[in-house]
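This report concerns only the one structure given below.
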Amino acid sequence: MFRNGSQQPYSLTRAVLYVNDVRIGMEGSALVTDINRGIVIVKNSYRKFVTGIALLLTILMLVQPASAAETITIDAGVVDGIIPAIHGVNNGPVVKSTPAWAPPCGNNYDADFSAEFTYANIPQSRTHGGGPLDLNKFWVPWPNFAGEDPADPANYNWAVADEGIAAQMAISETYIRIGPPANGMIQNGNGCDNGLPTNEKPNDFDVFAQVCKRVMMHYLAGWDDGFFYDINYLEIWNEFYIAEFWNGTDTEAAQLYEKCYNAVKPTFPSLNIGPSASKGQIAFWQYVANNSVAMDFVAPHAYISRPRILKSNIHEKINANWEFLFTAVGMPINTPLMYSEWNRGGGCYNGAGGSQTVPGGAFVAATLITMAELHSSNSAHGFTMGHLFSSRFQIWKENGTPRPAGVGLEAYGHDLYGETPIKIASTGDWSDPVGTGNVDFKVMAGKSNDNNKVNVLVAYYDVTNGTCPDNTDTATIIPLTVNVNNLPWGNAAFTWERWVHTLPGSMSLEDSGSGSGGSFSTMQNMNGNVFELYKLTGLIPGNDNDTDGLLNSEELLLGTNPNKSDSDGDGVSDFDEVNYDGNWAGNFSDYDPFNATTNPSGTDLNALSDDTDEDGKTDGFELAAGSNPLDALSPSLSIGGRWFVPLLIMSSAFTGFWLLRRRTRIPLVGDTN
């Protein structure tokens, strides 16, 4: 919920909007505006009546009316498929701005997103556009192929490619794309580097096909001091249908792909090989049909204004969807679709199009839910994987902070897929058909393998005011009821949290509580163009949810958080605090927390206070410093680390020597007095 720092939902009693960085709002009976950082309160007086009416009209025009109420019902007792690993990305975790790495347009920065990849459980990353297998980076004779020997190791420079793919394979599967990088409008002579003819078709298709084979031999079979990676996908070229990447015909594109497939497949029969193609390449698909060209998958791109368009393109659009095309050219109707690039269309994924605003997260969350519904594990369709474009500059910032798209990606990858991979039944999800509406209200829920967690991802994406909604489009209120029945832990106690994408780079905890009885229900006000995440965690008495050594039943008795190993955040685990005297035996009577006022003889740390002895230093700091966290007067034995004791000894020795000298007057060198 985008609230610009406010902790209250938008309403007619408290409305705060930001328009061109001007704060306009109403609190109670006073209208408020913030212009050039100056606050003006317009009171209910006749003298300012005209101004008040003007501001009120402004607010009424800007505050959108509440939308119809929505009700979501989850049945955690009904398994409804899986939460699939469909949240791949373009580019690997390592990004560099050096000329050897960066694409012609130079839109790279130096970063290592390995931790972010791990957190989001990224299943697959595609080598493209600043990726390690751009043709000009590893094929030494590029752009020439004619007359070159593809079997000669001297024609390959693997340095950048090997480093980049090693970084990818350390965390996720590499999806190899062999082709040119982006280079601006190179077809018009307006490329970022007009000296790099990146859109030229290879001047020898047969040699190029053998180069593709050698690339796979290098990474799958160890050729030329290579590797034996488990790589399952090879995509040929990038966007055969765009002049920026391909100056040949559609028929030539099909012929190049065919030669690559026939060159590589006999050596690697289990490798999936497919083209970067679109439905609109009529001659391409005519050649495929006439020559029975084999494809293990097809890799379209989707820069779309709404998530529902994905369903339209795959199976809904009459006589113009992928499944219709596959049937027409004699391919299986459920041929796998690897959407190797996707994001908001119309430039919305770039900075100028609102990529730094909250709705970008709602779009990604809603689209991932749509993709998960279309996945072959949950439907009869062939959707297999999507690669969000791109980790290089649209998902995370240089310091690893997620951009709005990254917040949505992490919510799906870490929370929904990572924590609760078993899809459970839900109702209340809907999307307007393409061409007849503007809203996608998407819901997906899952439970954990140990039946101890239920997570629900809810996204509301609305393009009523334009195809690139931004923060000004988050004011619509949707009254939302969330019901979860048949909780997998039965009638045991549980905790719940409501996380909302409030700021471009993060979710915030908006509400939380506890319950029991086998079901959960809450009523909330959701805002349009945001997503929310509900997290329910069972507190089965004999389990230890946070693995801190204390059972859930013990933590409930102690008042600590069963889902957080260090409830008070002092750097000492809950178990270590209650067992500070070594006497904890799983009984509350064994816990004797020190308190300077009520229990000065206590022998355990207070697991609900980060500073047990109230001396201004956290318990963790005192333990690390060698001080006593039960005694406010105890000295620290480590000021600035391990050097305090040696410095203390040296200082004492010097002091002693000085006193001895003062008493005996032992002359020092140069002391002639």
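The values are calculated or read from the model by the stated rules, or taken from the named source; none is laboratory data. From a predicted model like this one, the values you see are computed outputs, not experimental measurements. Please note: Cβ atoms are built from the backbone with ideal geometry, for glycine as well, and neighbour counts cover all protein chains shown. Calculation scope for accessible area: heavy atoms of the full protein, side chains included, ligands and nucleic acids excluded. Shrake-Rupley method; radii C 1.70, N 1.55, O 1.52, S 1.80 Å.
Some observations on this one:
- Taking the conditions (1) open to solvent by less than 30 Å² (accessible area, probe 1.4 Å); (2) closer than 16 Å to SER305 by Cα; (3) of a type outside the set (Lys, Arg); (4) in contact with a helix residue (DSSP H, G or I) (Cβ under 8 Å, 6 or more places away or on another chain) in turn, GLY345 satisfies each one other than (4).
Yes/no matrix, rows are residues, columns are (1) closer than 18 Å to GLU258 by Cβ; (2) touching a Phe, Trp or Tyr at 6+ places or on another chain (Cβ under 9 Å); (3) assigned to a strand (DSSP E or B):
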{"site": "GLY195", "(1), (2), (3)": "no, no, no"}
{"site": "ASP206", "(1), (2), (3)": "yes, yes, no"}
{"site": "HIS218", "(1), (2), (3)": "no, yes, no"}
{"site": "ILE231", "(1), (2), (3)": "no, yes, no"}
{"site": "GLU235", "(1), (2), (3)": "yes, yes, yes"}
{"site": "TYR241", "(1), (2), (3)": "yes, yes, no"}
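- Criterion: open to solvent by 40 Å² or more (accessible area, probe 1.4 Å) and either under 23 Å from PHE297 (Cβ atoms) or at pLDDT 95 or above (or both) - qualifying residue of PRO359, PRO332: PRO332
- Scan of region 99-131 for residues that are open to solvent by less than 30 Å² (accessible area, probe 1.4 Å), aliphatic (A, V, I, L, M) and part of a loop (DSSP other than H, G, I, E, B), ordered by number: ALA102, ALA120, ILE122
- Looking only at region 462-483, and only at residues there that are outside any loop (DSSP other than H, G, I, E, B) and among the hydroxyl-bearing types (Ser, Thr, Tyr), the one that is most open to solvent (accessible area, probe 1.4 Å): THR472
- Residue list for region 201-223, restricted to those being open to solvent by less than 10 Å² (accessible area, probe 1.4 Å) and either more than 15 Å from TRP246 (Cα to Cα) or out of contact with any Leu (no Cβ under 9 Å at 6 or more places or on another chain) (or both): ALA209, VAL211, CYS212, VAL215, MET216, HIS218, TYR219
- Of residues in region 539-588 being of a type in the set (Ser, Thr, Tyr) and in a loop (DSSP other than H, G, I, E, B), the one surrounded by the fewest Cβ atoms within 10 Å (Cβ to Cβ): THR547
- Sole exception among (1) of a type outside the set (A, V, I, L, M); (2) assigned to a loop (DSSP other than H, G, I, E, B); (3) crowded, with 17+ Cβ neighbours inside 10 Å for ASP450, by number: (3)
- So LEU234, is it in contact with a Leu (Cβ under 7 Å, 6 or more places away or on another chain), of a type in the set (A, V, I, L, M, F, W, C) and crowded, with 23+ Cβ neighbours inside 10 Å: yes
- Residues located in region 323-359, provided they are under 20 Å from VAL530 (Cα atoms) and either in a strand (DSSP E or B) or free of Cβ contacts under 8 Å to residues at least 40 places away in the same chain (or both): TRP342, ASN343, ARG344, GLY351, ALA352
- Of all residues making up region 144-183, the number that are assigned to a loop (DSSP other than H, G, I, E, B) and buried (at least 17 other Cβ atoms within 10 Å of the Cβ): 10
- Failed item in (1) open to solvent by 40 Å² or more (accessible area, probe 1.4 Å); (2) in contact (Cβ under 8 Å) with a residue 24 or more places away in the chain; (3) polar (S, T, N, Q), with THR198 passing the rest: (1)
- Test: ASP134 is surrounded by fewer than 16 Cβ atoms within 10 Å (Cβ to Cβ) and of a type in the set (D, E, K, R): no
- Filtered residue count, region 290-317, keeping only those that are in contact (Cβ under 8 Å) with a residue 24 or more places away in the chain, exposed (fewer than 15 other Cβ atoms within 10 Å of the Cβ) and outside any loop (DSSP other than H, G, I, E, B): 1
- Of all residues making up region 383-410, the number that are acidic (Asp, Glu) and either under 18 Å from ALA445 (Cα atoms) or without any contact (Cβ under 8 Å) to a residue 40 or more places away in the chain (or both): 1
- Sole residue being outside any loop (DSSP other than H, G, I, E, B) and either in contact (Cβ under 8 Å) with a residue 12 or more places away in the chain or among the basic types (Lys, Arg) (or both), chosen from ALA362, ALA320, ALA380: ALA362
- Restricting region 69-86 to residues that are open to solvent by 50 Å² or more (accessible area, probe 1.4 Å) and not in a loop (DSSP other than H, G, I, E, B), the residue that is nearest to PRO123 (Cα to Cα) is ILE82.
- In region 519-538, the residues that are open to solvent by 10 Å² or more (accessible area, probe 1.4 Å) and within 19 Å of TRP489 (Cβ to Cβ): SER519, PHE520, SER521, THR522, LYS535, THR537
- Residue within region 184-192 that is in contact (Cβ under 8 Å) with a residue 12 or more places away in the chain, touching a helix residue (DSSP H, G or I) at 6+ places or on another chain (Cβ under 9 Å) and open to solvent by 40 Å² or more (accessible area, probe 1.4 Å) present: yes
- Per the listing VAL443, VAL434, the residue uniquely open to solvent by less than 20 Å² (accessible area, probe 1.4 Å) and not polar (S, T, N, Q) is VAL443.
- Test: residue in region 614-621 that is on the phi < 0 side of the Ramachandran plot, at pLDDT 90 or above, open to solvent by 60 Å² or more (accessible area, probe 1.4 Å) and not in a loop (DSSP other than H, G, I, E, B): yes
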